[in-house]
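Before any comments, here is the structure.
Values in this text are rule-based calculations from the coordinates and carry no lab data. Here the structure is a predicted model, which means the values were calculated and not measured. Every residue, glycine as well, gets a Cβ built from its backbone with ideal geometry; the counts of neighbours run over all protein chains shown.
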Amino acid sequence: IGSFLLISKPWQGQTSDNKPKEAKLLDYESHEYAFKLKYPDDFIEGKIAEEDKKKNPIMLRLVRIEPPTLVTIWKETGLGLLDLYSKKPLLEILRGNVDSMYPAKYNEYKQEKIEDNKVVGLDAFTVWFTFQDKEKTYREKIKLSVFIKDKTAYYIQCMAPLEMWQYAEPSCDIIKDNIAFIEKFQ
């Protein structure tokens, strides 16, 4: 998030006439993480710091400058033990984690809505929320989709300035709707 916030804010003062161009879709495939997706060609792959690759690894970061949008996909492993000892379904536990952890993590967190849905045909939930950037110059909006496959949680997070959200969200949906798992090569 920090590197995303360092990007200058060329969108401020932009009018609704300044819509993003129609982008063609590019293919992305990771044999390491066994997934693939399509993403608009106005995104580029962002760098992932080594510490982000270790615990609950970030699998992909996509960045777009105009309108400014950051998509991050990561996974959380080791949920088998939690599933074994909990009476609640894993997805319900993760929903509770978002409700308890994110308000502490984000300045002036405000949840807008949460809904059940499907991602890659699996049960999921999506939460939309806003927060104040560290410099308190604008609000950010995040759409976070969470689903579980084989006792591993997957997170697809899309973030953009609130005032540009209407232009960012369609691209985020394209990415989320085009993710799929692939067989790992041995």
Checklist outcome for this item: Distance in nm between LYS118 and GLU135 label points, each 7 Å along Cα→Cβ, equals 4.3 nm
Checklist entry - Among the listed pairs LYS36/LYS87; LYS53/LYS118; LYS75/LYS105; LYS47/LYS151, which are separated by more than 23 Å between their Cα atoms? => result LYS36/LYS87; LYS53/LYS118; LYS47/LYS151
Checklist entry - So what's the convex hull volume per residue for the Cα atoms of the range 63-114, in Å³? => result 119 Å³
Checklist entry - Looking at the range 81-186, which chymotrypsin sites (Phe, Trp or Tyr not before Pro) are in a loop (DSSP not H, G, I, E or B) and have at most 13 other Cβ atoms within 10 Å? => result PHE185
Item to check | Cβ charges +1 (Lys, Arg) and -1 (Asp, Glu), total dipole of the range 49-138, debye | outcome: 140 debye
Next on the checklist: Relative contact order for the range 110-178: what percent, with Cα pairs under 8 Å and sequence separation of 6 or more?
Outcome noted: 24 percent
